[in-house]
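K.L.:
The structure that follows is given in the form of structure tokens.
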Amino acid sequence: MARLYRVLALLLPLLALTVIVFGAYVRLSDAGLGCPDWPGCYGRLTVPEGQADVHLEHPDWSTRPLEAGKAWREMIHRYLASTLGLGIVVLAALAWRRRHERRASPVVYLLVPLVVFQGLLGMWTVTLLLKPLVVTAHLLGGLTTLALLWWHYLGQASPGPVAAAPRPLHVAAGAALAVLALQIFLGGWTSANYAALACTDFPTCHGRWWPETDFGEAFVLWRGLGVNYEFGVLDTPARTAIHVAHRLGAALTALTVLAVALGALGSGLPRLRRVGWCILAALLAQLVLGITNVLGGLPLAVAVAHNGGAAVLMLSLVTLLHLTRRI
């Protein structure tokens, strides 16, 4: 049982990262509604073999022809997410059996209601037709799940916090994580509103340092039910405002994370220095990927990597937060 617990503690964060990256691939390849129903696909647990197998008398299916490639991407993401949810339930059950042991972390109990809520968000993503607030919340929930799984793994595998770690560095790491969470929200909001290509030049936008924007319309979180958000509903000034906000957030996040990374490098402690280098590498990669998305016209591989890079940067900060906590 102890061995299974350790194996799950390692594998589940890797699976969560896979689910997040593959979910980004599904979203960015416009396959989020590849299956117009949930949890099945056109009423089946697997993708129908052809359009002839789809019961077109269904009111929602008659207007959405089967695209097998998109449907399979959506269903594979659901299979992976379901496997992750089952793994988390098993991990929590094992943790309960080991609750009298010092290394049985209570963090896993938080993951069970979280992953259930993630399943609901996945359902609402489809049934509410890619509503941006739901899509963004689904992304944040996935990253929160990954962060908690990684925190739990560090508690099982790490020899413990660095005794000499400066307390201000721990506070700074927490603040940087909060800033990064806000930036991830802006990134998710940008993607869910199809605003990633609202600006196609850099560092200017539409050839101007401050283009025409409509922030009031850009951040309306709820627009009612029955609206299909596939390919977006906002006009150009609103999408531009979202894109500009994401750029400004990126600058603030970069400065904050850079300061934390330099603090880790300047601590003189080997374990913290290694994490500091990881944070710097992840930050640099994110900046390069973000600029490449704009100048390259949002290449699918680069856009997916940008999502994965945000997760890696978050994990680096979580690691630093874990190592600098009080004993």
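The values are calculated or read from the model by the stated rules, or taken from the named source; none is laboratory data. As the structure is a prediction and not an experimental result, all values here were calculated from the model. Neighbour counts are summed over all protein chains in view; Cβ atoms, including those assigned to glycine, are modelled from backbone coordinates with ideal geometry.
K.L.:
Could you identify the single residue in Val134, Val90, Val116, Val107 that is free of Cβ contacts under 8 Å to residues at least 40 places away in the same chain and either over 26 Å from His246 (Cβ atoms) or among the polar types (S, T, N, Q) (or both)?
P.N.:
Criteria check complete, one pass: Val116.
K.L.:
Would you mind telling me which numbered condition in (1) polar (S, T, N, Q); (2) surrounded by 15 or more Cβ atoms within 10 Å (Cβ to Cβ); (3) without any contact (Cβ under 8 Å) to a residue 12 or more places away in the chain Thr18 fails?
P.N.:
Of (1) polar (S, T, N, Q); (2) surrounded by 15 or more Cβ atoms within 10 Å (Cβ to Cβ); (3) without any contact (Cβ under 8 Å) to a residue 12 or more places away in the chain, only one is false for Thr18: (3).
K.L.:
State whether the residues of the range 290-297 include one that is of a type outside the set (Gly, Ala, Ser) and in contact with a helix residue (DSSP H, G or I) (Cβ under 6 Å, 6 or more places away or on another chain).
P.N.:
yes
K.L.:
Would you say His243 is touching a strand residue (DSSP E or B) at 6+ places or on another chain (Cβ under 8 Å), within 16 Å of Leu28 (Cβ to Cβ), in a helix (DSSP H, G or I) and not charged (D, E, K, R)?
P.N.:
For His243, the condition - touching a strand residue (DSSP E or B) at 6+ places or on another chain (Cβ under 8 Å), within 16 Å of Leu28 (Cβ to Cβ), in a helix (DSSP H, G or I) and not charged (D, E, K, R) - is met.
Yes or no, residue by residue, for (1) in the same structural domain as Arg167 (by TED's automatic domain parsing); (2) without any contact (Cβ under 8 Å) to a residue 24 or more places away in the chain; (3) part of a helix (DSSP H, G or I):
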position	(1), (2), (3)
Ser267	yes, no, no
Arg271	yes, no, yes
Ile279	yes, no, yes
Ile291	yes, no, yes
Ala301	yes, yes, yes
Val304	yes, no, yes
Leu315	yes, no, yes
Thr319	yes, no, yes
Arg325	yes, no, no
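K.L.:
Out of (1) loosely packed, with under 15 Cβ neighbours inside 10 Å; (2) modelled with pLDDT under 90; (3) not aromatic (Phe, Trp, Tyr), what's the single condition that is false for Gly69?
P.N.:
Answer for Gly69: the failing condition is (2).
K.L.:
Would you confirm whether or not the range 216-237 contains a residue that is outside the structural domain of Lys131 (by TED's automatic domain parsing), closer than 27 Å to Ser29 by Cβ and among the basic types (Lys, Arg)?
P.N.:
There is at least one residue in the range 216-237 that is outside the structural domain of Lys131 (by TED's automatic domain parsing), closer than 27 Å to Ser29 by Cβ and among the basic types (Lys, Arg).
K.L.:
Sticking with this structure for a sec: Could you give every pair whose Cβ atoms fall below 7 Å, whose first residue belongs to the range 220-239 and is without any contact (Cβ under 8 Å) to a residue 40 or more places away in the chain and in a helix (DSSP H, G or I), and whose second residue is surrounded by 11 or more Cβ atoms within 10 Å (Cβ to Cβ) and of a type in the set (S, T, N, Q), counting only separations of at least 6 or pairs across chains?
P.N.:
Every condition considered, the pairs that remain are Pro237/Thr213.
K.L.:
List the number of the failed condition for Ala176; all other conditions in (1) in contact with a Phe, Trp or Tyr (Cβ under 9 Å, 6 or more places away or on another chain); (2) buried (at least 19 other Cβ atoms within 10 Å of the Cβ) hold.
P.N.:
Every listed condition holds for Ala176 apart from (1).
K.L.:
For the range 198-219, name all the residues that are in contact (Cβ under 8 Å) with a residue 24 or more places away in the chain and either in contact with a strand residue (DSSP E or B) (Cβ under 8 Å, 6 or more places away or on another chain) or of a type in the set (S, T, N, Q) (or both).
P.N.:
Result: Ala198, Cys199, Thr200, Pro211, Thr213.
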